[in-house]
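S.K.: Okay, handing you the structure first.
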Amino acid sequence: MAGKTSGNVNLSAAKTAKKDEFYTQLTDIEKEMRYYRKHFKDKTVLCNCDDPFESNFFKYFVLNFNRLGLKKLIATCYTGSPIANKQLSIFDILGESEETQNKPYKAVVTTVYDKTGDGGVDMLDVAELFKSGENELTELEGDGDFRSPECLELLDEADIVVTNPPFSLFREYVGVLVAHQKKFIIIGNVNAVKYRETFPLIMIF
């Protein structure tokens, strides 16, 4: 599976505004991922630029964990953030104070089921599975940068990387994936197809 770049008006606007973080819409992710479903079975997926409670990439994979037949889902981020209903934060799950809000975290998911018993699986179930220790949510030692030693170890563990990396570091990000010989699906500005790090990959594809 080759790397993929795409762009639209919103992505271009985000880059123009010099925003490194752009949260892709869940509906867009669902439309794109349907082409790759068979590739995820028994695989470890890494979302290494994704806050687990804001990233729609993480949300897509965790809520489709069983359907896709994933082996493991890993997400890393720079900071914690509230989950969808804004009533429970990542720090409540960990039993930590708000003083730790700027700490980067690693989320590792190996099981997803209806933990709350309400008849369906949603992000509250995911939160409860973290809280019960059935999945792992731990603070990273460093700053969560995808180039850090601990994040590179997670990269080596992964089979496929799926995310929207920081626009300002797009070239370097692709370079890291290629150096580690990883299969990936990433979103970037349409101009990224002309980068020397990206263009050869598209030609191969």
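The values are calculated or read from the model by the stated rules, or taken from the named source; none is laboratory data. Keep in mind the model is a prediction, meaning the values are calculated, not measured. All Cβ positions, even for glycine, are placed from backbone atoms using ideal geometry, and neighbour counts span all protein chains on display.
S.K.: Return the total of residues in the range 153-174 being in a loop (DSSP other than H, G, I, E, B) and over 18 Å from residue 52 (Cα atoms).
M.R.: 1
S.K.: While we're on this one: Just for the range 126-138: of the residues that are out of contact with any strand residue (DSSP E or B) (no Cβ under 6 Å at 6 or more places or on another chain) and farther than 22 Å from residue 41 by Cα, which one is surrounded by the most Cβ atoms within 10 Å (Cβ to Cβ)?
M.R.: The selected residue is 127.
S.K.: Same structure again: Would you call residue 41 out of contact with any helix residue (DSSP H, G or I) (no Cβ under 6 Å at 6 or more places or on another chain), modelled with pLDDT of 95 or more and on the phi < 0 side of the Ramachandran plot?
M.R.: Spelling it out, residue 41 is indeed out of contact with any helix residue (DSSP H, G or I) (no Cβ under 6 Å at 6 or more places or on another chain), modelled with pLDDT of 95 or more and on the phi < 0 side of the Ramachandran plot.
S.K.: For the range 90-146: of the residues being in a helix (DSSP H, G or I) and touching a Lys or Arg at 6+ places or on another chain (Cβ under 6 Å), which is modelled with the lowest pLDDT?
M.R.: 93
S.K.: Hey, does the range 4-27 have a residue that's at pLDDT 85 or above, of a type in the set (Asp, Glu), in contact with a Ser or Thr (Cβ under 9 Å, 6 or more places away or on another chain) and within 17 Å of residue 186 (Cα to Cα)?
M.R.: no
S.K.: Which numbered condition trips up residue 79, out of (1) modelled with pLDDT under 60; (2) farther than 20 Å from residue 152 by Cα?
M.R.: Every listed condition holds for residue 79 apart from (2).
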